[in-house]
Each structure stands twice: as structure tokens, then as C-alpha cells.
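Reading through the C-alpha cells given below for one structure.
The values are calculated or read from the model by the stated rules, or taken from the named source; none is laboratory data. Just so we're clear, the structure is a prediction, and the values are computed from it rather than from any experiment. Neighbour counts are summed over all protein chains in view; Cβ atoms, including those assigned to glycine, are modelled from backbone coordinates with ideal geometry. These area figures cover heavy atoms from the full protein model, side chains too; ligands, DNA and RNA do not enter into them. Shrake-Rupley method; radii C 1.70, N 1.55, O 1.52, S 1.80 Å.
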Amino acid sequence: MTATLPRPLAPALAPGSRLRAAARRHGPVLAVFGSLKLVGFCSFMYLLSAAGDYRGKDPRFGGGAHAWDVLATWDGWWYQQIALHGYDPKLVPVPGATGMITLEGNSAAFFPLYPALMRLTSAVTGLGSYGAGLLVSILASFAAALGVYAVTERFGGRRAGLAAAGLWAVWPGSGVEWAVYSDSLYVALAAWSCHAVLTRRWLAAGVLTFMAGLNRPTAAALIAALAVAALLAVRRREDGVLRPLFALAVAPLGLLGYLLWVGDRMGDLGGYFKLQSGAWAHRFDYGSQTLDVLRSVPVGHFGDYLFAYPFADMIGVGVVLLAFTLLPLLIRLRPPAVLVVYTVLTLALVLGSQQIFANVSRYLLPCFPLFLPLAAALRRLSLPVLCTVLAFAALASGSYAGYALFELGVP
């Protein structure tokens, strides 16, 4: 019998080798996403400058001295105020108000992680709140692209992953990815949290979901998805008991902690929801507003529902119909439960709420698992054809994903 010698351990890669390996693996993803975003961003800035309507608008509400000032208006103004001055949660009635808006707007409606990172970035780099917010969003958008790629690659391979990263750059609503908005940060956290669940790294999944809960209230969908995945793992005895249950325990603490802190400061545990309803007319209405829009927009009755912005609403209806088309195709791929639960609940939370419907394309940006069936189809194209298709979409996205959102609607 011939003795079998043990195989020598593979030598650890030197830091330079690891860096080169990471560049080979992730460089094309970052290059594709960055190139497409740059095309769409320049198209958006050109349309803003050519129209010039922003010059006549309030600097808080879609206006400014320069086209790029628009990127820090609406929610961006609130995030800058929080980064500069912090919070002062309160419920302040509007004197004599009897309609839908009965409370004054308050910064407590905006979750703290993004403005905290703005403040930290400003302190480290010396940038103002605008520059710091834009830098955080841009870096987070690249992190999100890598997360979307990593999730999709597990199901469709590298070409599908590249297509999904490209779709993240050109999807309706993507105009907020390079703006003083928290959307890119949330999608980065959500994508990598889902990836951590898929790769059974429960500690990372729990921490990332905890952070997502400090960034947006729709993290409730991500928390529920992680909970389902963790309980299934415990039932199947795949990763023991402690690690999935630890993730399950940690995941909701960010969201619950912020809501309880706001409620405590307001003297009303339901204060956050009262503020959303009374100051912004945002409340869960079981889809009544969405149904009104879906019945009215196709027949041109733009006055038959709340907060009508015709051009942006037409895009929103298209996004909703696209989502309903892609959802059964996603389920047909039989992805893990975490992706299905996360997507379905995100759709339910967004479409089940009364809000400015023009925002729906932005609010559905986190539904990145819907990219999977499209990416699986696009991977059949040759790389030059795929890049050409996405490049045309990027050029058009300056209108449907940027200008329509910021100037023809309310982001």
C-alpha cells in the first residue's frame, strides 16, 4: 500500500495579491455600475439645466442656484438639518388645521443612521453637509451594486450578476442613488444582509439588519424575512440554534429602538406614526390609495386621487405593473425564503400605504430581488450587446428616474 502524504496547506495570499484578486472580481461590477450611473447622472443634470425650472423653485422644494442643488432638496434638506442640529422630536399642531395635515413637519420622521454618517463624514473630511451626504450616498450606491451582484451571482452566474448591478443603476427611481437621500445606504444594507443569510453568516446578517432598521422604517420587511430564514434554519438544524436566534434577537433592535426613543421624547409611544400621518399624510391604508391611482391613471383621470403628479404617476404605475409581472417570475426561480419574504413584504408595505404615489418608483428601489429574473434573461446577451442596452437605459434614466422624480413629482 502506498502511503498518502497530507496535502500542504495553500499559502495565504499576500495583501497585494488579495487586493489584485478583489480588483479582478469586483472591478468589472464597479466599472459597469459607475459608468451607467455617470451616464444617467449627466443626462439628469443636462435636463435640469436645459429646462431651468429649478431656478424658480424654493431651495427646499426642488430649487436652487445650480442644477446640482436639487439633489439636496426635499428629504435632503431634512437630512442636512439633522446632521447639523440633531433631533427635537415633538408633535406640534398646525393652528386651526382640520384637513389631512394637522401637524407641523418634524425631523423625527427621518431615521438616524444616514444623517449620523453624514455628520461623521463631514467631521473626517471637512466637507459640508451637502458634500458629506452626497459622498455617503455615492459610496453606498457602489456597495449596494456589489451586494446586488453578489446575491444574483449565486443564482445566475457572473454575467447575470453584472446585469443586475447594471439594472440597479438604471431602475426607475434610481435618480436618488446619487443624491442626499438614504436609499442607497438602505439597499446596500439590505442586499448584504440577504447575502449574509444566504451564506449562513448569521452574526453579520443580524448586525446589518439592525443597521437597516436605523435607516428606514421599511426595514420591517427585512427583519421579518430574516426571522423566517432564522426559524427555518433552527428547524432544519442547519447552523445550530444560537447563531440564527442571535440574529433574530438583534435584527429588530434598531427599528424598535428608534421608534421607542421618538415616542418617549414625544410623550406618546405611537408618536412616530402620528407624525407621519398628521404631517405628511403617510399612513397604512391597505392599498386604497394605490388602487385609486391604478384605476385613474390609465384613463387619464389625474384628479381622482390624492397628490397627483401625472408624468411621475404614469411612471409609478408602470413600475407597479412591472413589479407584479416580475414577482411570479422570481418565485418561479425558487429562491430562498429570505428573498421572497423580503420582496413581498416590501411591496405590501409600500403599495399598502397612503403616500405621494409619484414616489413609488423610489420606494420600490429596495426590491432588488426582482432583478433576478430579468438578469437571468439578460445574461444570454453578449457582453457588448448587454452594455449597449443598459447604456441606452442609462441615458433615458436621466428623465424617467431622475427628472421625473425631482422636478415632475416629489421625491
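Summary of values
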item: Amide H contacts of residue 285 (H built 1.01 Å from N, under 5 Å, at least 5 apart or other chain); result: 353, 354
item: Shape category assigned to segment 200-337 from the gyration tensor of Cα positions, a/c cut at 1.5; result: oblate
item: Exposure of residue 382 as accessible area (Å², to 10), given a probe of 1.4 Å and all protein chains; result: 60 Å²
item: Two-site label geometry, residue 321 and residue 104: point separation in nm, points 7 Å out along Cα→Cβ; result: 4.4 nm
item: Of the DSSP H helices in the chain, those whose Cα atoms cover at least 30 Å axially and whose Kyte score averages -1.0 or more; result: 15-51, 129-170, 310-332
item: 28 Å Cα-Cα reach of residue 274 towards lysines, excluding residues that sit fewer than 8 places from it in its own chain; result: 90
item: Cβ charges +1 (Lys, Arg) and -1 (Asp, Glu), total dipole of the chain, debye; result: 1900 debye
item: Geometric extent, Cα atoms of segment 352-409 - Rg, Dmax (angstrom); result: 14.3, 42
item: Accessible-area order (highest first, 1.4 angstrom probe) of the listed residues 274, 37; result: 274, 37
item: Sites excluded, chymotrypsin sites (Phe, Trp or Tyr not before Pro) in DSSP loops with at most 13 other C-beta within 10 Å, longest stretch of the chain; result: 62-285
item: Helix-only CD estimate at 222 nm, as mean residue ellipticity for the chain, using -39500 (n - 2.57) per DSSP H run (n ≥ 4); result: -20500 deg cm²/dmol
item: Accessible-area ranking of 100, 45, 118, largest first, probe 1.4 Å; result: 100, 45, 118
item: Reported label for calculated Cα extents along the principal axes in Å given [x] 74, 73, 33; [y] 66, 55, 35; [z] 95, 50, 48; result: [z]
item: Pairwise centroid distance, computed over Cα atoms, of segment 143-204 with segment 333-411, Å; result: 11 Å
item: Residues of segment 32-87: accessible area per residue with a 1.4 Å probe, Å²; result: 46 Å²
